[in-house]
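Enquirer: The structure's right below; bear with me while I get my questions together.
Here, each number is a calculation from the coordinates, and none is a lab measurement. All figures in this text were calculated on a predicted structure; none of them were measured in a lab. In this analysis, Cβ positions are derived from the backbone assuming ideal geometry, glycine residues included, and neighbour counts consider all displayed protein chains.
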Amino acid sequence: MSYQPLVKQVKRGVGFLTVSSMMLIGGVRAAEAADDLPPIPPRALLQVQGRPAFVIEPVAAAAGPRPWVWYAPTLGSGLPGKQETWMFQRLLAAGVAIAGVDVGESYGSPAGREIFQALYAQLTKERGFSPRPVLLARSRGGLMHYGWAADHPHCVAGIAGIYPVGNLASYPGLDRAAPAYGLTSTELSQQLATFNPIDRLAWLAAAGVPLLHLHGDHDKVVPLEENSGLLATRYREAGGTMELIVVPGGGHTGDSSWFESERLTRFMIERAQAGAASEVTPTTSETIPGGGG
């Protein structure tokens, strides 16, 4: 299926420099990352249904519901790590907290989504976090976040993606994913539309959730066209709003420049603040035709 990506360009002098290097994504050069922002505060470690979770809160927190970004995947995978420093410093300086929980290789399964929901409940009910966070999905975190978001579209202020998985058949493949769902690969294939993010977008579109993805066109692990490209096409067809920034030559790397995008960071700050200032309007899957299972 074809798609229409938006390729960001960065103005340089009288012309334009296409974003063609991993040193430059969304208008921010890695070499310009150093500044006088305060260091990231120590994370608070939590337990959520027996799984490790973390919270990083701004030093100076404003009154009212706390805006926050929900990162996935995290912890057990070594994430978040030092490469996120540039982005995290700016989120925290804007009063936006960051949190995440390790759900293992759950691939967006109901079991993993249950733990996600437990973290959400703990943060919103016990720590004063906003009921509408921004989801930051990196790689396989896309399966986790889009799975939870389709169940709770009214609880999502926006979704930001860094080469995120949106298609179980593409990654990790049905053979690897099936055990996490308690199914055989054949059974998962037969029920794929019930679980696959690209088949469960109507709920998010109906709730008006904006999406923004960064994805490289040389990604061999999570191919652009099968994931962010196809997701963008289907989301727009469902009436949703999505910006897809395609990075020419970009692969599936842990390079810190993926987290030094001014556009992506600004999107998260703006949406997190808007989410904290708004009320949750209940939306259920039963009211949205074609929403998926």
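Enquirer: Suppose a student asked you for the relative contact order of the range 9-287, using Cα pairs under 8 Å spaced at least 6 residues apart; what percent would you report? Write out the running numbers ahead of the final one.
Expert: Values: 581 pairs, mean separation 65.1, N = 279.
Worked out over the range 9-287, it gives 23 percent.
Enquirer: Here is a follow-up. Simple spin-label model, 7 Å along Cα-to-Cβ: Thr194 to Ala169 in nm?
Expert: With each label point 7 Å from Cα toward Cβ, the separation is 1.7 nm.
Enquirer: Can you tell me how the range 120-210 classifies by the Cα gyration tensor, rounded, prolate or oblate, using a/c under 1.5 as the rounded cut?
Expert: On the way: a/c = 2.02, a/b = 1.84, b/c = 1.10.
Because a/c hits 1.5 or more and a/b exceeds b/c, the range 120-210 counts as prolate.
Enquirer: Taking 8 Å as the Cα distance limit and 6 or more residues as the minimum spacing, I'd like the relative contact order of the range 138-210 as a percentage. Please list the in-between numbers first.
Expert: Numbers: 76 pairs, mean separation 29.9, N = 73.
Value for the range 138-210: 41 percent.
Enquirer: What list of ³J(HN,Hα) couplings, whole Hz, do you get for the range 54-62 from phi and the Karplus terms 6.51, -1.76, 1.60, once you set θ to phi - 60° and write x for glycine and proline?
Expert: 9, 9, 10, 10, x, 5, 10, 9, 6
Enquirer: When ranked by the protection proxy of mean other Cβ atoms within 10 Å per residue, highest first, what sequence do the peptides 81-88, 165-172, 138-145, 227-234 form? Walk me through the numbers on the way to the answer.
Expert: Values: 81-88: 18.9, 165-172: 22.5, 138-145: 26.6, 227-234: 24.2.
Ranking, from highest mean packing down: 138-145, 227-234, 165-172, 81-88.
Enquirer: List residues of the range 58-74, by number, whose backbone nitrogen lies under 16 Å from a label position 7 Å along Cα→C-beta of Glu279.
Expert: Only 65 pass the distance filter.
Enquirer: Any chance you could check the Cα centroid distance between the range 52-115 and the range 180-239 for me, in angstrom?
Expert: 22
Enquirer: I need the calculated FRET efficiency for the pair Thr186 and Ala111, taking r as the beta carbon distance and R₀ as 25 Å, to the nearest 0.05. Kindly include the intermediate steps, with their values, before the conclusion.
Expert: On the way: r = 20 Å, r/R0 = 0.80.
Calculated transfer efficiency: 0.80.
Enquirer: While we're looking at this one, here's another question. What FRET efficiency do you get for Glu262 and Glu237 if R0 is 30 Å and r is their Cβ-Cβ distance, rounded to the nearest 0.05?
Expert: Plugging the Cβ-Cβ distance into 1/(1 + (r/R0)^6) gives 0.55.
Enquirer: Which length gain, in nm to one decimal place, applies between Leu37 and Glu126 when the Cα-Cα distance is subtracted from 0.36 nm times their residue separation? Let's see the in-between values first.
Expert: On the way: separation 89, 0.36 × 89 = 32.04 nm, distance 2.88 nm.
Extra length from Leu37 to Glu126 when fully extended: 29.2 nm.
Enquirer: Take the range 9-287, drop everything but the C-alpha atoms, weight them equally and run the Debye formula without solvent; then report log10 I(q)/I(0) at 0.10 Å⁻¹ to two decimals.
Expert: -0.48
Enquirer: In addition: Take the Cα atoms of the range 79-145, build their convex hull, and give its volume per residue in Å³. List each step's numbers first, then the result.
Expert: On the way: hull volume 6.1 nm³, N = 67.
Residue-normalised Cα hull volume stands at 91 Å³.
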